[in-house]
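Throughout, read-outs are computed from the coordinates displayed, never taken from laboratory work. Just so it is clear, the structure is predicted and the values come from calculations on it, not from any experiment. So basically every Cβ, Gly included, is an ideal-geometry build from the backbone, and we count neighbours across all protein chains shown.
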Amino acid sequence: MESELANPKANQARRKLNVGPRSRGDRVFFGITSLAANFAFVLVALILVFLMVSAWPALQSQGLAFIYGSTWVADEGAEPIMQLGPMIWGSIQIAFIGILLGTPMAVATAYLIVFMLPSRAAKVATTVVDLMAALPSVVIGLWGLIVFTPVAAHWAQILNQTLGWFPVFAIEGEQPTYVDSPFIAGWIVAVMIVPIITSVTREIFSQMDSGLINGALALGAGRWAVLSRVILPTSRGGILGGVLLGLGRAIGETVAILYVLQLSFDINWYQILEPRGGAVASFILARFGEATPLEFQGLMAAGLVIFVVTLIVNTIASLIVNRSTRRVK
Amino acid sequence: MSQTLSRPKVQPWSQSSVASVRPLILASVLPAVFAALVGLLANLDFSVALLVIFVPLQALAAGFVGFKTYGKRGLKDAVLIFVTIFFSMMVMVLLTSVLVSVAVAGFSAMSPQFLSQNNVYVSPTTSLEYGGVGHAILGTLLIVILTTIAAVPLGIAMAVFLTQSNAKHKGIVRTVTQALSGLPSVVSGLFILAIMGFVGIERSGLTGALALFPLMLPTVARVAEESLRLVPSDLRLAALALGAPNYKAFFQVILPAAKSGIITALLLGLARIIGETAPLILTINANNSTNLNPFAEGIATLPTYIYGFLSSGYSTSQARAWGAALVLLLLVALLFGAARIMTRQKSLKTKSTKKAK
């Protein structure tokens, strides 16, 4: 006893708290779980490596023109020219239209659910939005082709006839059909991304500090003032994260767009009512069936492009969403 | 969850009378009536009448009533309420349109033999009395179950890592998992195709199941993590304090407490992949007959069945696609309903324990 009292440092060293797994069972348990967790990295690396190796010959032969060029000739026998430019531009265009249409709908729905509906109705609405997120994209495509396209073509006709002087809504060809356009594909993408943006925004709205809101109300602020001065400034980052998640989904959307869009290598910069457009993911699926081995490498390269882009967009999005939910908490 | 923004009343003690509600009723009925009248008289298109006449009028009327009741502040509030309701209604209309058209068109294709028969000797123009989606239902279930066997244990292990361990790189793992949950489905299919090219595996049901695996894993991991997080840490700490090793604390205390949450993760993961089309088109050969061997030959699935019949463009083939879409949606709804019941039971349980305290 006395020696321990005389030498407190030695005592401290002996009684150091050990929090690591001690028993063999625990070591196995944590070993397995951390293996599983690291599998997330392994999976990303595997996807990158396999796509890159399969795509390498095509990327090497096409060079940078693969990204910006606009010719795709890959017939049997001839030297293939594979340039993805119009498809990449089309993906960006459609995602932009989808976000432009979808964000107001999604944010309004989240606002309605969190701040306007009584709690029981809010629960029902939340379930409905979640269900909407689970709608398979082939079903959306079926609906888009048969039910929505005629309606949207009608809207496109009205837009063209009233606002046709504006270059975005102009159509060059005679006797336009108004179908298969980036405009319709943008609407379909909006339907697919609204539930994602809504659920992220709803989460962030419902984690808002109610003290802030009640304080603003007590100071005499109305609904509009609370929204513009309290809710939006605190949740802006989170909403941006939700929009980015939606963007990732929009770029990766495949089947639904394939049905409602005319894929074309005649690049369509801004005339969104023309039946010419592009989408990288849909293009892969459309060409896959009849692809020659060389063209197949080009499609792999296209897959690599959307994988890298969506991985970057989604990582930024989840970083933003995580940070803003933590800060709001 | 919902915080109501109760609007401050001018006189909180005053009763609402007919006179005070009258402008509200007028403001919500008049613009609609006026827009309908003008639209009918001028023979305007419905969407034009809605957007050009009804929306501005309704916003104006709402703003006017808000202004009359609450002053300048009420004007902006009323317009905000109107805009919110308008955009949410758009979402509702789109969703209802999808669900109703699938239900109506799908129901007319539905019959007992549509659910039980397979697609042998059926061409796109064969009438609906012959053939069905029986083989596709079985194929979908088979492939989805194969994926589940691999993805659910791994996803749960990831969730355990994210909640129980004290490793330093948890944040990165979580971010990568979330980023993976946005993996485009066509990329997942191409990835498995690339592997198949190197290893030399033939297209079969198994490759389809593999192509769905990267899509299911992040969903399971995320939902399971959330449900494990809901288990009070007191339980785990108490088990550890009693001398239980971590793995016993997990299997005997945490897992039973989070059981319904784990099942929810399984169900939502299933709902995520059951309708995936692109990876299956890339990695599975179609098949018209029933095939329950996942290691050889093609397998039919509901999404690829829809895809195939919709691509051929005849009205009978479209009717088949609608029928299969209804079956697919019913499966998704079934999974969702089961998940809902699971989470409800959980919340009841936690409520009752709270009361007991």
How charged is the neighbourhood of residue A:181? Take every other residue with its Cβ under 10 Å from the Cβ of residue A:181, and add Lys/Arg as +1 and Asp/Glu as -1.
-1
Using Cα pairs under 8 angstrom and six or more residues apart, how large is the relative contact order of chain B, in percent?
19
What ratio of Cα Rg to 2.2 N^0.38 Å holds for the stretch B:181-271?
1.49
Calculated over the stretch B:280-349: convex hull of Cα atoms, volume per residue (Å³):
122
Helix runs (DSSP H) in chain B reaching 30 Å along axis by Cα, Kyte-Doolittle at least 0.5
B:18-41, B:72-109, B:134-164, B:205-230
Quick one: Kirkwood hydrodynamic radius for the stretch B:174-223, alpha-carbon pairs, angstrom, one decimal?
11.5
Check: the protein assembly as shown dipole with +1 on Lys, Arg Cβ and -1 on Asp, Glu Cβ, in debye:
4380
Share of Cα-Cα pairs in the protein assembly as shown lying beyond 52 Å, as whole percent:
16
Checked against the positive end of the charge dipole of chain B (+1 on Cβ of Lys and Arg, -1 on Cβ of Asp and Glu, about the Cα centre), the farthest of B:43, B:294, B:306 is B:43
Sorting B:137, A:225, A:185 by the position of each Cα along the dipole of the protein assembly as shown (Lys, Arg +1; Asp, Glu -1; all at Cβ), the one nearest the positive end of that ordering is A:225
Net charge of Cβ neighbours under 14 Å - reference residue B:208; Lys, Arg +1; Asp, Glu -1
-2
Using only Cα atoms, tell me the angle between helix A:24-62 and the longest principal axis of chain A; keep it within 0 to 90° and round to the nearest 10.
30
The orientation-averaged projected area of the Cα convex hull of chain A, in nm², is 28.8
Cα axis of helix A:119-133 to longest principal axis of chain A: angle in degrees, 0 to 90, nearest 10?
60
Tell me which of A:104, A:308, B:115 sits at the most positive position along the dipole axis of the protein assembly as shown, charges placed on C-beta atoms (Lys, Arg +1; Asp, Glu -1).
A:104
Kindly give the semi-axes, whole Å and largest first, of the ellipsoid equivalent to chain B, taking each as the square root of 5 times a Cα gyration tensor eigenvalue.
46, 37, 18
Compute the longest continuous run of chain B that contains no exposed chymotrypsin sites (Phe, Trp or Tyr not before Pro); treat a site as exposed when its DSSP state is not H, G, I, E or B and it has at most 11 other Cβ atoms within 10 Å.
B:122-294
Roughly how many debye, to the nearest 20, is the charge dipole of the stretch B:134-356 about its Cα centre, given +1 on each Lys and Arg Cβ, -1 on each Asp and Glu Cβ, and no other charges?
1160
Just to confirm the number: angle between the C-alpha axis of helix A:85-111 and the first principal axis of chain A, 0 to 90 degrees, nearest 10?
60
For the stretch B:125-232, listing GluC sites (Glu not before Pro) in a DSSP loop whose Cβ sees at most 12 other Cβ atoms within 10 Å gives B:129, B:202
Loop-located trypsin sites (Lys or Arg not before Pro) in the stretch B:167-274, at most 15 other Cβ atoms within 10 Å (DSSP):
B:168
Where does the charge balance sit around residue A:99 when Lys and Arg score +1, Asp and Glu -1, over other residues with C-beta under 13 Å from its C-beta?
0
Relative contact order for the stretch A:73-328, counting Cα pairs under 8 Å that sit 6 or more residues apart, in percent
32
Decide, for the stretch B:81-240, between rounded, prolate and oblate: order the square roots of the alpha carbon gyration tensor eigenvalues as a ≥ b ≥ c, take rounded if a/c falls under 1.5, and otherwise choose prolate if a/b is larger than b/c, else oblate.
oblate
With a/c under 1.5 counting as rounded, go ahead and sort the stretch B:33-160 into rounded, prolate or oblate using the C-alpha gyration tensor (a ≥ b ≥ c being the square roots of the eigenvalues; past the cut-off, prolate if a/b is larger than b/c, else oblate).
oblate
Considering the convex hull of the alpha carbon atoms of the stretch A:54-119, report its projected area averaged over all viewing directions, in nm², one decimal.
7.5
